[in-house]
Number of protein chains: 2
Amino acid sequence: MLRLTQYTLCPHSRSVRLALAELRLDFELNYEEPWAWRQSFLSLNPSGALPVLEIDEVLVLCGTYAISEYLSECYPEHPDDGGPVPLFPGDPEQRAEIRRLVDWFHLKFDREITRELLIEKHYRRTVGEKGRPPDSQILRAVGKNLRYHMDYICFQVDRNNWLAGEQLSFADLAAAAHISVLDYLGEIPWDDYPSAMEWYVRLKSRPSFQPVLEDYMSIQPPTSHYANLDF
Amino acid sequence: MLRLTQYTLCPHSRSVRLALAELRLDFELNYEEPWAWRQSFLSLNPSGALPVLEIDEVLVLCGTYAISEYLSECYPEHPDDGGPVPLFPGDPEQRAEIRRLVDWFHLKFDREITRELLIEKHYRRTVGEKGRPPDSQILRAVGKNLRYHMDYICFQVDRNNWLAGEQLSFADLAAAAHISVLDYLGEIPWDDYPSAMEWYVRLKSRPSFQPVLEDYMSIQPPTSHYANLDF
């Protein structure tokens, strides 16, 4: 039995949800608010970071890095039979490229865009700072960063079939996790980035993505096109 | 031929220097100032992150995550012969614990302590803001965070021989990289943390650590006890 402790708009949680679904594993979701720092959650993961994956109520895996590598080591893949695809396909050099891009999105994109946008446009209204408007200086910086990163996604998928090469990998899932959070909030200027849009539509169309597209937070519903496969 | 592009007081660079030395690989150091964003460096790693490892002038590995996992996959370990120890020893569960702790130091400890201290106490004087004193509010918060993290190191090494278990692993190297940067700056209140001190002395005594203990930046020399093996 797999139990993933996660938050709906946490990009790290989303990347692991996508990975578990790509590996065709059954799992239940356990909702946790990352700002709450509840004692029962901290006893599960003292770092306070999401997501956490519990396996058979015995093994506790903390954080995207430990979880994604563990899944890659322990769960079988059968891409030739039309079965689950590997999270880190290829030789060590190709895996290094996948891991470089996982860092790109889970560290750099997160720091320069997702974390700031979530604070300004989501957490504040959720934790009760509704009266305080978003910081326009931060939003301008984030918007500029986003254009750079969207160009980078286009650059990568124009060279390859997927972000890190010819095969889908965890790099695509990490990137799509961040993009899907921004798209939920209506922040992606899709018309300017057709290559990134085509890549994201391919991901959105995968069965692994459907539960993510069904996410709905009543305090902040998704933008109207969020779940459309053809925008 | 291995060439590591790094900065002397970058904790991520230091963890990879230690890993390369533990694997008994010969490598040359290429100095790069992380705030300079030089075009020639960005053409090596567009994310601008250190360290970068070049192998035989052909393969370019970017970032601690990609480098450490690549080294683990590609370079032989022979701990039974007294040879190099594995960076991620044990079964998948033990490796997940190592990776949890690598994240703990390279993400959490870095965000809550090292990055802030380097900005306040090193980068400012280095990039020419000598007149501006450190922000005392930030230093107080960092000091409080450091006591929590030192307690956590003691907690872990009191339970185990090394941070993640009975064997030395990349978790120890990542943690020691951060501790060594803070120790260079004279920021560790060693007397209050004898278990952490005993663990750090064990690491300092390893051959892999000697080049790190010889680091000397003329703009900011190390604290007097930095290179002493017995404090």
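The numbers here are math on the coordinates, done by the rules we state, and not lab data. Note that the coordinates shown come from a computational prediction; the quantities given were computed from them, not determined experimentally. In this analysis, Cβ positions are derived from the backbone assuming ideal geometry, glycine residues included, and neighbour counts consider all displayed protein chains.
Other chains near B:65-74: what is the mean number of their Cβ atoms within 10 Å of each residue's Cβ?
5
Report the percentage of all Cα-Cα pairs in region B:2-81 whose separation exceeds 18 Å, rounded to a whole percent. Before the final figure, lay out each step's value.
Numbers: 1132 of 3160 pairs.
Of all Cα-Cα pairs in region B:2-81, 36 percent lie more than 18 Å apart.
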So the pair-distance distribution of the protein assembly as shown, from every Cα-Cα distance in 10 Å bins, comes to percents of 4, 19, 31, 28, 15, 3, 0
Among A:LYS108/B:LYS144; B:LYS108/B:LYS144; A:LYS121/B:LYS121, the pairs whose Cα-Cα distance exceeds 22 Å are A:LYS108/B:LYS144; A:LYS121/B:LYS121
Mean projected area (nm²) from the convex hull of Cα positions in region B:1-155 is 10.9
Two pseudo-spin positions, 7 Å from Cα along C-beta at B:GLU166 and at A:GLN137, lie apart in nanometres by 5.6
With the label set 7 Å along Cα→Cβ, A:ILE119 is separated from its counterparts in the other copies, in nm and shortest first, by 0.9
Output ordering of B:114-126, A:212-224, A:103-115 (per-residue mean of other Cβ within 10 Å, highest first) is A:103-115, B:114-126, A:212-224
Sorting B:ALA141, B:MET197, B:TRP162 by the position of each Cα along the dipole of region B:123-231 (Lys, Arg +1; Asp, Glu -1; all at Cβ), the one nearest the positive end of that ordering is B:ALA141
Rounded to the nearest 500, the 222 nm mean residue ellipticity computed for chain A from DSSP H runs (n ≥ 4, each -39500 (n - 2.57)) alone is -13000 deg cm²/dmol
Sorting from shortest, the nanometre distances separating the label point of A:SER195 (7 Å past Cα along the line to Cβ) from those of the same residue in the other copies are 5.2
Taking alpha-carbon centroids only, region B:64-119 lies from region A:64-86 a number of Å equal to 21
HN-Hα couplings for region A:5-20 via Karplus (6.51, -1.76, 1.60; θ = phi - 60°), in whole Hz with x for Gly/Pro, come out as 8, 7, 10, 3, 9, 7, x, 5, 4, 4, 5, 6, 4, 5, 5, 4
When chain B is treated as a Gaussian network with springs between alpha carbons less than 10 Å apart, the largest mean-square fluctuation among B:VAL16, B:VAL142, B:VAL181 is found at B:VAL142
So the pair-distance distribution of region A:36-105, from every Cα-Cα distance in 5 Å bins, comes to percents of 3, 14, 19, 20, 16, 14, 8, 4, 1
Sorted shortest first, the nm distances from the A:GLU28 label point (7 Å along Cα→Cβ) to its counterparts in the other copies are 5.9
Computed on Cα atoms, the radius of gyration and Dmax of region B:145-223 in angstrom are 12.6, 40
